[in-house]
Every structure is written in structure tokens, then in C-alpha cells.
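Written below as C-alpha cells is the structure these notes are about.
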Amino acid sequence: MCSILLMRAWWIQRLVESLAFIARLIARREGLILAVLVGTLVLLPRTGFSQAPPLDGKSGRELLLRNFRPVPTLKVPEHLLKRAKFPVVDLHTHFFHRLKHSPDQLEHFVELMNRHNIAVCVSLDGRLGERFDEHRKYLWTKHRDRFLIFVNVDWMGPGDPEKPETWDCHRPDFARRVAAQLAKAKMAGASGLKLFKQFGLGYRNPDGSLLRIDDRRWDPIWKACGSLGLPIIIHTADPIAFFQPIDATNERWEELSRHPEWSFPADKFPSREELLAARNRVIARHPKTTFIGAHMANASEDLATVAAWLDAYPNLVVEPASRIGELGRQPYSARKFFLKYADRIVFGTDGPWPEERLTYYWRFLETWDENFPYSEKPFPPQGLWRIYGLGLPDNVLRKIYHENAARLIPGLKQRVERFSERNQ
Ligand SMILES: [Zn+2]
């Protein structure tokens, strides 16, 4: 009890001394400084600047990155193109994966094709076997002239996806059987072969190692495509950012944070360079087979490298599906590339997409527009940036939109001509 009384007295004495000290300061020049300090402390909480931020992360200074939706204030000319200037062949579409064989959606998309001057779409979803038959029926019953089909090899066959030792591709006569299937598919109207990205990233050998695209076992397949006149559209590896750690420096962080399964960490997968080198060895070994490097041969971040590949492999062409986001952020390099390699680029979108997405392809290739989106999604799906148009001349547009594709695929030129006559 006694000690509490003593403590209280001690505090009172300290308080009195402090007040006396402040009074002395005010009396002297330091008083001014002190007055400002005290005033700031008293007034600051009343100003908006220091108000506690709302904790929802959706506004104010504590906004979360995932809620950031900047609206540019830039005023520049806009050309919101409603259709392509010349008839288009879209060489990279997925009518099974995206439309799930819905007849209504197909009819809607054909109307959209008419409006946008898309003469022909090439669906890459014709997996050999039953799916190819269904896909032909779906696309060709009413629109034989408007759709072409690339087939896919069924590497697993009836095997168990979890047990690579049961997969068809590990049987000795696999490649020879696929070559025979391809010849049959060609007779049934197939126009090419599509290879998905699972080589080096998904498919496995019985010992658990990843299947290589340059495995000699598949050579008879690539060779057969050459002699049958079936171009191979090939997707190898993925954007550079998908092979980098998902950290604060990764330019596709927001996308990878939503889709961590798109990341290929170095401890589990071959490097991107190894995968692309393996693909290039296949292209080099089969000079009589045409290869279409999907997504700018998957190196749109580095067009000098794509140019070097085009120089090295005369049997390689590239297409820009789902890469206008990359190309459009480097408009000077991309324009030079498109002018120089105008004969080696075909057109692709990775669609069917919503109408708005298609308009960005036309705007990107045809106009000089600046700083516009590359996707209809409110949050750009492939990097937080906007793009710039290439303003390509008419002769280059014609080559990219349909002339180059018509050189690769028999029967395509006539389809484009028939469409142009009807769609005048
Ligand atoms: Zn695709």
C-alpha cells in the first residue's frame, strides 16, 4: 500500500517537472518547434491522409494487386475494326475443346465468321479414331467449305493414363500404325497434324522419364506427314515466365498465382531451351515436312531467336495465336519481323474466341493504334500491359491472312475464293 502511494507521488512529481520543462521551452525559441510538433500530432488524425485505410483491399492506399484495374487517361486515335480487311484463314482453332460440339454455338460462330471476313477455320481437335469421325460430322455436315481439320495422334490409346507402360506409343509398331492411320485420315479429308505440348512436360516413358519429341521412335510419323503433304502444327514449351520461379520478379505472376499448374519448375521439368532444341532437331531431320510453330514457335518474347530459326529451317512457318499480347508490346521489333518474314507467317487465334477478342487481332495487325487491350477480359490474362498496332501494308496482310496458308494446304485457295464471292 505504502509503495503504491510512493509511486503515485513519483509520477505526479515527474508530470509537474515535464510541464515546467515545456513551459520553459515555449518561453524560449525552441517553443515554436515544439508547438508545431504538438499541433501536428493533434491535427494529423483529423486529415484524410492519415485516416485508417479500409481493410477490404478494394480501394484506397491498401488496394490489393488483384483488385488493381487501371483505366488509362491517354487520348489517342482509335480504330475499332469490326472485320478483317481481307479474307482470313484461322489456322489455329479448337472447335472440340472450346465449343464441346454444341451445334448452336457452331451456328453462332459461323455467323460471326461471315461478319468478320473469316473464310475458313482450321480445327486442331480431330484426334485420330472416333473423335475424328465425330468432329468431321460436327463441322462438315453443314459447313464443309468453312472448316478444315488437323488430327492428333492418340499416344496412350486404350492404356491407363497413370501407367505409361500400358500406353500404345510404347508398343514396337506404334509409329508405323500411326503412319497408316494418317494416310487413311488424309483420304477422309484431314489437312494436317497437331502436336500438343505434352512432350517433355507431360507424357512419360515406362521408367517415369518424360517422353522426348526428338525420340527416334516417332521419326516415321513425321516422315509420313511429309510424304502425305500434311503440315504439322507443333506446340512446344510455353512462355519464358512459366519456367521462372513464381516470385515478385515474374512478369506473369498474377496469372501463375491463379494457375500454379502452368508453372514448370526447373527441379521437375527440362528447361525451356532444351525442349525447343529437341523440337528444332526434329524440324532439321525432316526437311520435307512442313512444321508450323504454334504461338510464334513459342518464343514471341525473343523475335531475334524466332528469326534465326526461320533462317535455319526453310520448312518452318510460325503463327501468332494467343501471342498478340507479346508481339504488341514490342511493336517496332514485331513490325520489322512481320515485314521481313511476311512469307513465313500464317494466321491463328487459338479461338473460337468471343467477338471482341477477334477485333483485337485485326486492330493489332492493321492499325497504328496505341495502348489498347489485347483481350476482352477486364484483367489482361497474359501480362499486365496493353499493346500497339503494327499497321501492316495490304500485301503483307493478304499473305498472313490467307495466301501463305493456301500454299501449305491443298484446296484452301478455292475455299477462300468461293467465300470471297459469296461474301462480297
Ligand atoms: Zn491452341
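How much length is gained if the chain between Lys413 and Lys223 is pulled fully straight, taking 0.36 nm per residue apart and subtracting their Cα-Cα distance, in nm to one decimal?
Between Lys413 and Lys223, full extension yields an extra 65.9 nm.
Which net charge results for the neighbourhood of Glu111, defined as the other residues with beta-carbon distances under 14 angstrom from its beta-carbon, given Lys and Arg at +1 and Asp and Glu at -1?
+3
Based on the mean of other beta carbon atoms within 10 Å per residue, what is the order of 210-216, 89-95, most packed first?
By packing density, highest mean first, the sequence is 89-95, 210-216.
Let me see the P(r) profile for region 296-378: every Cα-Cα distance counted, bins of 5 Å, each bin given as a percent of all pairs.
Spelled out bin by bin, region 296-378 gives 3, 14, 28, 25, 17, 9, 4, 1 percent.
For region 64-211, what proportion of DSSP beta bridges, expressed in % and rounded to the nearest 5, is antiparallel?
Percentage antiparallel, nearest 5: 10.
Convert each backbone phi in region 64-80 into a coupling constant with the Karplus relation 6.51 cos²θ - 1.76 cosθ + 1.60 (shift: θ = phi - 60°), then list the ³J(HN,Hα) values in order as whole Hz, x for Gly and Pro.
For region 64-80, the Karplus curve yields 7, 3, 5, 9, 6, 10, x, 10, x, 9, 4, 10, 9, x, 10, 10, 8 Hz.
Glu273 to Trp368: FRET efficiency via 1/(1 + (r/R0)^6), r the Cβ-Cβ distance, R0 30 Å, to the nearest 0.05?
After rounding, the FRET efficiency stands at 0.30.
What ³J(HN,Hα) values, in whole Hz, does the Karplus curve 6.51 cos²θ - 1.76 cosθ + 1.60 give for region 412-424 when θ = phi - 60°, with x put for Gly and Pro?
6, 4, 5, 5, 5, 5, 4, 4, 4, 5, 5, 9, 4
I need to check one value: relative contact order of region 265-424, counting alpha carbon pairs closer than 8 Å and at least 6 residues apart, in percent.
About 19 percent, as a whole number.
Skipping prolines and chain starts, which residues have an amide H placed within reach, meaning under 5 Å, of the one on Leu390, given they are 5 or more residues away or on another chain?
Amide H neighbours of Leu390, under 5 Å, 5+ apart: Leu365, Glu366, Thr367.
Only four residue types carry charge here, +1 at the Cβ of Lys and Arg and -1 at the Cβ of Asp and Glu. Report the dipole size of the chain about the Cα centre in Debye, rounded to the nearest 20.
In total the dipole reaches around 500 debye.
Relative contact order for the chain: what is it in percent, counting Cα pairs under 8 Å that are at least 6 residues apart?
Rounded, it is 16 percent for the chain.
Assign unit charges at the C-beta atoms only (+1 for Lys and Arg, -1 for Asp and Glu), then state the dipole size of region 167-228 relative to its Cα centre in Debye, rounded to the nearest 20.
Here the size comes out at about 180 debye.
Please give the net charge around Asp369, taking every other residue with its beta carbon less than 15 angstrom from that of Asp369, where Lys and Arg add +1 and Asp and Glu add -1.
Neighbourhood net charge equals +3.
How long is the gain from Asp173 to Glu376 if the chain were fully straight, where each residue apart is worth 0.36 nm and the alpha carbon distance is subtracted?
Stretched fully, the Asp173-Glu376 segment lengthens by 68.4 nm.
In nm, give the distance between the simple-model label positions of Arg281 and Asp104, each being 7 Å from the Cα along the Cα-to-Cβ direction.
My value for the distance between the label points is 5.1 nm.
5 Å is the cut-off here: which amide hydrogens, built 1.01 Å from N in the peptide plane, fall below it relative to Gly159, excluding neighbours closer than 5 in sequence?
Residues meeting the criterion, in which the H sits 1.01 Å from N, are Asp168.
Take Val153, Val76 and sort them by solvent-accessible surface of the protein heavy atoms, 1.4 Å probe, largest at the top.
Descending order: Val76, Val153.
May I ask you to list the residues of region 242-272 whose amide nitrogen lies under 15 Å from a point 7 Å from Cα along the Cα→beta-carbon direction of Lys58?
Counting only backbone N, you get no residues.
Modelling each spin label as a point 7 Å along the Cα-to-Cβ direction, I'd like the Lys336/Glu165 distance in nm, to one decimal.
5.5
Would you rank Val120, Val71 by solvent-accessible area, highest first, keeping every protein chain in place and using a 1.4 Å probe?
Final ranking, largest accessible area leading: Val71, Val120.
Quick check for me: using +1 on Lys/Arg Cβ and -1 on Asp/Glu Cβ, what's the dipole size of region 261-321 about its Cα centre, in debye to the nearest 20?
360
What's the FRET efficiency of Trp385 with Glu111 using the Cβ-Cβ distance as r and R₀ = 25 Å, to the nearest 0.05?
Efficiency, from the Cβ-Cβ distance: 0.20.
The values are calculated or read from the model by the stated rules, or taken from the named source; none is laboratory data. All values reported here derive from a predicted model rather than from experimental measurement. Cβ sites come from the backbone with ideal geometry, for glycine too, and all protein chains shown count toward neighbours. The accessibility values were calculated without ligands, DNA or RNA, using every heavy atom of the protein model including side chains. Shrake-Rupley method; radii C 1.70, N 1.55, O 1.52, S 1.80 Å.
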